[in-house]
Amino acid sequence: NTKADEALALAEQIRASIEAMDRLEGTAIDISGVTASVGVASFPEHSTDLAGLLCGPGRIERFGAGDTARFDVPLPIEGRETALAALAAARGVTLAPGASGMRSAFRRDLVPLARAWCTPDGRKQIPPDFQLDGATLRLWALSAGTPDLRGGHLLLLDPQAPWTHDPLIAAATRAGLP
């Protein structure tokens, strides 16, 4: 675990060392002018992409007085548990097999996401300011995507929350997805 400012400094060192290279190490391949882009994320500041678990049939549930929440993510495609658990763990959340898919423990730090994605009575909603980005899309595709016949993916929506479909389609369209 590294503090965000230390991780940014390390990322810049990596980028600068790649940019300074003239040749690919051990070869005669010219790589002058090549650089890299290195991202840094920390939990909970950069955990909004966990919303990708909620774009499909996944849910976030608040418990008791609403001071804790947990993920409940059904997996329509078998064999994705390990990858999904690893991506969630990288964001500070442990997902474990549950009765119908993957589930997190009840946690206080998930409450802001639950407030954004649930009405006060617990009904799933899409936050009005929701924007689909690459990290969120990856989690949506992993948790609820299925390959189509054209080499792409179909992103499944929540059949129990049809009122969320139009806002999610609009977010996908704004992100440039057909």
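The values are calculated or read from the model by the stated rules, or taken from the named source; none is laboratory data. These numbers were taken from a predicted model, which means no experiment stands behind them. All Cβ positions, glycine included, derive from the backbone under ideal geometry; neighbour counts span all protein chains shown.
Before moving on, here are some points about what is shown:
- Number of residues in segment 133-146 that are over 12 Å from LEU54 (Cβ atoms) and in contact with a helix residue (DSSP H, G or I) (Cβ under 6 Å, 6 or more places away or on another chain): the value is 2.
- In segment 84-104, the qualifying residues are those that are in a loop (DSSP other than H, G, I, E, B) and without any contact (Cβ under 8 Å) to a residue 24 or more places away in the chain, and the one that is surrounded by the most Cβ atoms within 10 Å (Cβ to Cβ) is THR94.
- From ARG103, ARG107, ARG115, ARG70, residue being at pLDDT 90 or above and more than 24 Å from LEU168 (Cα to Cα): ARG107
- Scanning segment 139-165 for residues that are loosely packed, with under 12 Cβ neighbours inside 10 Å and charged (D, E, K, R) yields ASP148, ARG150.
- Pair list, Cβ < 7 Å and 6+ apart or interchain, from segment 124-152 residues that are closer than 15 Å to LEU87 by Cα to residues that are of a type in the set (Lys, Arg): LEU142/ARG80
- Selection status of GLU81, over 12 Å from the mean Cα position of the chain (by Cα), modelled with pLDDT of 80 or more and acidic (Asp, Glu): yes
- Among the residues of segment 51-83, those that are crowded, with 19+ Cβ neighbours inside 10 Å, aliphatic (A, V, I, L, M) and not in a strand (DSSP E or B) comprise ALA51, LEU53, LEU54, LEU75.
- The residues of segment 1-23 that are in contact with an Asp or Glu (Cβ under 9 Å, 6 or more places away or on another chain) and either surrounded by 13 or more Cβ atoms within 10 Å (Cβ to Cβ) or modelled with pLDDT of 75 or more (or both), listed by number, are ASP22, ARG23.
- Just one residue in the set PRO167, PRO127 is touching a Phe, Trp or Tyr at 6+ places or on another chain (Cβ under 8 Å) and in a helix (DSSP H, G or I); that residue is PRO167.
- Only one of the numbered conditions (1) closer than 22 Å to GLY79 by Cα; (2) in contact with a Lys or Arg (Cβ under 8 Å, 6 or more places away or on another chain); (3) not in a loop (DSSP other than H, G, I, E, B) is violated by ALA114, and that is (1).
- Per-region count, segment 147-163, residues modelled with pLDDT of 90 or more, in a strand (DSSP E or B) and farther than 11 Å from CYS55 by Cα: 1
- Some residue of segment 129-138 being buried (at least 19 other Cβ atoms within 10 Å of the Cβ) and basic (Lys, Arg): no
- Close pairs from segment 105-122: first within 20 Å of THR164 (Cα to Cα), partner among the small types (Gly, Ala, Ser) and assigned to a helix (DSSP H, G or I), Cβ under 8 Å, at least 6 apart: LEU113/SER47; LEU113/ALA51; ALA116/ALA51; TRP117/ALA51
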